[in-house]
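In what follows, a structure is listed as structure tokens, so that the remarks can point back to it.
Values quoted throughout were computed directly from the atomic coordinates according to the rules given, and no laboratory measurement underlies them. Predicted model only: the values in this text are computed from it and were never measured. Every residue, glycine as well, gets a Cβ built from its backbone with ideal geometry; the counts of neighbours run over all protein chains shown.
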Amino acid sequence: MSARLGNGGDALVAGERRAAWHGDIGAAGWGSGGDGRGGEEDETFQTPHTDTEGNQQIDALPLLLFLATGAAAAAEVDALVSFKSALTVPPAAAPFFATWDAAAADPCGFAGVACGGAGRRVTGVSLPGLNVSTASVPFADLCAALPALATLSLPENSLAGGVGGVAACAALQELNLAFNGFDGAIPDLSPLAKLRKLNVSSNRFAGAFPWASLAAMPDLSVLALGDNPFLAPTDAFPPEVTRLTNLTVLYMSAARIGGAIPPEIGDLVNLVDLELSDNNLTGEIPPEIARLTNLTQLELYNNSLRGGLPAGFGKLTKLQYFDASQNRLTGTLAVLGSLKRLVSLQLFFNYFTGGVTPEFGDFKELVNLSLYNNNLTGELPRSLGSWAQFNFIDVSTNALSGPIPPDMRKQGTMLKLLMLENNFSGGIPATYASCKTLVRFRVSKNNLSGNVPEGLWALPNVNVMDLAGNHFTGTIGDGIGNATAMTNLLLAGNRFTGAIPPSIGNAASLEIMDVSGNELSGEMPESIGRLSRLNSLNIEANGIGGAIPASLGSCSALSALNFSRNKLAGAIPAELGNLPRLNFLDVSGNELTGAVPASFAALKLSYLNLSDNRLTGPVPEALAISAYGDSFIGNPGLKRRRAEAEAAGALGSGGAKLFAKKGSWDIKSFRVLAFDEREIIEGVRDENLIGSGGSGNVYRVKLGSGAVVAVKHVTRARAAAAAASAAAKARRTASVRCREFDSEVGTLSAIQHVNVVKLLCSITSEDGAASLLVRHDIAVGAARGLEYLHHGCDRPILHRDVNSSNILLDESFKPRLADFGLAKILSGSAAVDSSAGVVAGTLGYMAPEYVHVEGDREERRVQLRCGAAGAGDGGPAMVPAECGGESRDLVDWVSRRLQHQFIHLLKGKKTEILEKSRDETDKPHLDAGCTC
């Protein structure tokens, strides 16, 4: 919504109005006394004169008029003071109300109050952006006490309750209740026939908007009711709106408006600002919109509009801000060539084709250009962005080619250059090396080449430098140490040579560094240990030699290290075992020698690979488990315990055959064991059964050593039957691993208490995976559970760690949300607990916005949910680095990919995703991750 409907605009208008009203009062002869009684007013209202008989008289009528006016003023003071007493006023707003004195003769000196007319009555109350709060505003009392009230402006506060009484303010010309927490139904507003400006946007109103009331307001020039997510949806565009021919501002974004934009929209020829975003609009943009030649702002994003931009669109020559992103628009951008006054153009996530017309290079006021995720081709105009204070371009994920325009930073205001996933070629223009305002520079996955300009490495404000997937050569510049704001350095898949410069240790903000797949050599600098915020370091597939710096043990934030396929030598530093957050470690394919550090026993790794080195000695006992079975191969000098065995076909002469087939068993030990899996498997027989339940049976097994253990066998008979039934519908078969088993293992293995059962080990055999249809049902069930947590509870709950291992399944594969260890309960108000903004959860399932978008926390909760749904096969959700582009999230990325893929399928072009399944049973599963 434009700023003119916000706090700033209201404050300015109110200030001007107060000055005008006080000027009128002074001209009426009230004098300078200011208290309503002194100065010249005695002469004005009580002038003595002589009657026909020579007697002096004082006119009674002016005196009575004065007394009546004084009584009315007192009533207005009482009403306003009573209103103020109902408010909770924060300390910052207390000075504003210092003039609201209950002893005042009239309220005309109150801050935010305006008076006018011969009776000096209150005509305006304006309290914008004070953050005052109350559970209920006494609208009816205010309206009764202030009959001349023409302006009531209360935006950007924390006011709540209903607004039913406001319809009694019959003299109102301007009503602004925006950015509060008002709820309930909006009443019939037809008594407000004089209304010219109505702004009730950004509240919590529910039910149907009283569209019929608009017929009583022929002079309405501003109608703003957007951002009310609980309004009743409409199936069609309200016809009452298109009859308000005096409208200059129409803001109905996120108002649940459906249907097509009607041709009658062209009748609103006075419109300057038209905003219909975040609705359910369908159909094409009507050609009649070209009649709105006064438009400066047009917002249509996030609807389901289709077709091309209408032919007459170029007539909107005053248009400055145009956003039709996230629709299904097609055709070319040629019609936009005549819109020379554009300041911001956003058309991302559509299906536009053709090129960016040369006229774009002549847009002398253009500041922002966002066209990512379309099908655009050709070159960008060389002069693009060179005229105005250009600061943002995102044309990622198209098929654009040619060079990067050199002068987009000409005015020294460039903030973000995002051109990834195209076919751009040539080098990076040297002009960008001096662009010290740059915050993000992302040109990955193109055909760019040559050396990177030296100054680019040293830009002081860049936080993301993404050059991955190109053909760049040369070295990483020593100036990298001056890039003190850089958090992400992404150089993978190029041809960089030389060593990583020691100055890298001065890039103190660095969190992610990926230089994999280059031709780097030399040794890793010891200074890298100074990067205290470093979370992920990937140097895979280079020619880096020397020792692994022991200083890395000081990088306490590290969670992922990939040093594989290099020429690293010497011993693995024991200091790596002190990294508390390390989750991924791969040093395979090097020339490392010595023993596996005993300190590694303390690590909690989900992935470990030390293979294909020259390591010797014993494997630490804590690592000698089947989870790391392939982690040590290719090290002939290592002595390791192999946990491999096959189950017997018939496990004893007297018992039933519980394991009918031979297979490979995976044992994961949590204590030092004096037995192997064969002893356990042979003991699981009918005569040893001591109990059973919904999820499995419990057996008493006596080991060869004489010790007795309890064995829980998670039965799959019932679950397998359910899965088989679902799979039959999908024309596929699959046996399913019960995830409840994994959850129980994970819980018990982390607990040590004298009164809690001690878990010695787990033994599993993987037979397959659930059908996609079953996984779809699991994802939908999990989404319903989260919907209840967010909206069904009196106090909303944020789970904050929704991943596949925290969604348990019963024997019928019904999902149950579990593990609320990171959960947060929100307060009853709209505000989110400040601690809920802390990054928490499991890597791979977090919302990518935690990394690169300062987004709304509600969106983050939804995206966490969708990440888990998309990981229904047990693998993690896609991490942000794979999403590509900018200003987008995981859900948008998957949604658009999925949409494109199924469109291609209809055209007979099978995609990789569907090649694997041979039918469309993938689609419900994938949709579940995109539509929650």
Item checked: Semi-axis lengths, Å, the range 289-334, gyration tensor of Cα atoms, sqrt of 5 times eigenvalues -> 18, 13, 8
Item checked: Descending principal axes extents, the range 473-605, alpha-carbon based, whole Å -> 39, 28, 20
Item checked: Translational diffusion coefficient (Stokes-Einstein; Kirkwood radius from C-alpha pairs) of the range 594-644 at 10 °C, 1.306 mPa s, in µm²/s -> 146 µm²/s
Note to self: Output wanted: per-residue J couplings in Hz (rounded whole) for the range 405-415, from phi through Karplus 6.51 cos²θ - 1.76 cosθ + 1.60, θ = phi - 60°, x for Gly and Pro.
What the structure shows: x, x, 10, 5, 9, 4, 8, x, 10, 5, 10
Notebook entry, point to check: Direction-averaged shadow area of the convex hull around the Cα atoms of the range 354-408, nm²?
Noted result: 3.2 nm²
Checklist line | Per-selection metrics, the range 411-550 (Cα): Rg and Dmax in Å | finding: 14.0, 46
Notebook entry, point to check: What FRET efficiency, computed as 1/(1 + (r/R0)^6) with R0 = 60 Å and r the Cβ-Cβ distance, is obtained for Glu687 and Glu379, rounded to the nearest 0.05?
Noted result: 0.15
Notebook entry, point to check: Counting Lys +1, Arg +1, Asp -1, Glu -1, what net charge surrounds Gly706 among other residues with beta carbon under 15 Å of its beta carbon?
Noted result: +1
Notebook entry, point to check: In the structure shown, do any of Lys194/Lys315; Lys604/Lys668; Lys340/Lys416; Lys197/Lys318 have a Cα-Cα gap over 25 Å, and if so which?
Noted result: Lys194/Lys315
Notebook entry, point to check: If we count every other residue with Cβ under 12 angstrom of Val462's Cβ, Lys/Arg +1 and Asp/Glu -1, where does the sum land?
Noted result: +3
Check: Pulled fully out, how much extra length does the chain show between Ala92 and Ala193, if you take 0.36 nm times their separation in residues and subtract their Cα-Cα distance?
Finding: 32.7 nm
Next item on the list: Add +1 for every Lys or Arg and -1 for every Asp or Glu among the other residues with Cβ under 13 Å from the Cβ of Trp100, and state the total.
Entry: -3
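With viscosity set to 1.567 mPa s at 4 °C, what whole-number translational diffusion coefficient in µm²/s follows for the range 69-232 from Stokes-Einstein and a Kirkwood radius over Cα pairs?
Value of D from the Cα-based Kirkwood radius: 81 µm²/s.
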